[in-house]
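Throughout, read-outs are computed from the coordinates displayed, never taken from laboratory work. Computed from a predicted structure; not experimentally measured. As a convention, Cβ positions derive from the backbone with ideal geometry for all residues, glycine included, and neighbour counts pool all protein chains shown.
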Amino acid sequence: MSKTLLVPVLVALLAACSAPSDEAGAPTAPAAAAPAAPVSSTPQEEKGMHKECNGARLSLTVLPANDETSRTRMDFEKDGQRRTLENPPEMSDYSAVGLACVKDEKGTSYFVVQFGEVEQGCAFCEWFYLYDTNGTALTHSNPPLKDEGDEKSPNNDEYAALLTKLGITHPEEVDYIEE
């Protein structure tokens, strides 16, 4: 066979091998083109927790430690969509460490997210934030700490005020992330 015939034949063969076909037994599209499978746990995601609240799911995942400090990532899922939530700016040095689901007096569900330090904890770092079931933080802690004489405490004033306004009782139990 001459070189002029060999090149077009090789090109045709390569194209046939890589192109999807409708014929039985013929090559098909790569597996990546198949519909996405449900989200599955990875070993890293097993070091964490999740809470479901009225069709929404909030997950906390322990990330690998940097500078001997562990952090968490918050992932929010609803209606088949998943996105990572950023910490509120005033909580940038802390991590989400606990979750609960609460309802107001009208039956509307909310997430309670507790921020603190993953491993060592601290004397005054238990901030609570209320999130709606769309993944939006409804409260903040500005400034993060309240000075009470020689004592410092977390600023949960906005959280407490919104709970009162909505007729929500702070959860008796907050589930904490696995360390």
- Message: For a bin width of 10 Å, list the pair-distance distribution of the stretch 50-96 built from all Cα-Cα distances, rounded to whole %.
- Response: 25, 48, 23, 3
- Asp150/Arg57 FRET efficiency (R0 45 Å; Cβ-Cβ; nearest 0.05): 0.60
- Set Lys106/Lys146; Lys47/Lys103; Lys47/Lys146; Lys106/Lys152 screened for pairs whose C-alpha atoms are more than 30 Å apart: Lys106/Lys146; Lys47/Lys146; Lys106/Lys152
- Message: Can you compute 3J(HN,Hα) from phi for each residue in the stretch 98-103, using the Karplus curve 6.51 cos²θ - 1.76 cosθ + 1.60 with θ = phi - 60°, rounded to whole Hz and x for Gly and Pro?
- Response: x, 9, 8, 10, 10, 10
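Calculate the dipole size of the stretch 45-179 relative to its Cα centre from +1 charges on Lys and Arg beta carbons and -1 charges on Asp and Glu beta carbons; express the result in debye to the nearest 20. Can you show the working numbers first?
On the way: 13 positive and 28 negative charges, 138 e Å.
Magnitude of the dipole: close to 660 debye.
Among 108-114, 75-81, 91-97, what's the highest-first ranking by average C-beta atoms within 10 angstrom per residue? Before the final figure, lay out each step's value.
Details: 108-114: 21.4, 75-81: 13.4, 91-97: 19.9.
Per-residue Cβ counts within 10 Å, averaged per peptide and sorted highest first, yield 108-114, 91-97, 75-81.
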- Give the residues of the stretch 158-179 whose amide nitrogen is closer than 19 Å to a point set 7 Å from the Cα of Leu138 in the direction of its Cβ. 158-175
- Query: Taking a quarter of the surface of the convex hull around the Cα atoms of the stretch 89-177, what do you get in nm²?
  - Reply: 6.1 nm²
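Would you tally the net charge around Asn142, using a Cβ to Cβ cut-off of less than 10 Å, leaving Asn142 out, and scoring K and R as +1, D and E as -1? If you can, show how the numbers build up before the last one.
On the way: positive: none; negative: Glu90, Asp157, Glu158.
Result for the local shell: -3.
Set the Förster distance to 25 Å, then compute FRET efficiency between Glu158 and Asn66 from the Cβ-Cβ distance, nearest 0.05. Working shown, then result.
Numbers: r = 30 Å, r/R0 = 1.19.
The value I calculate is 0.25.
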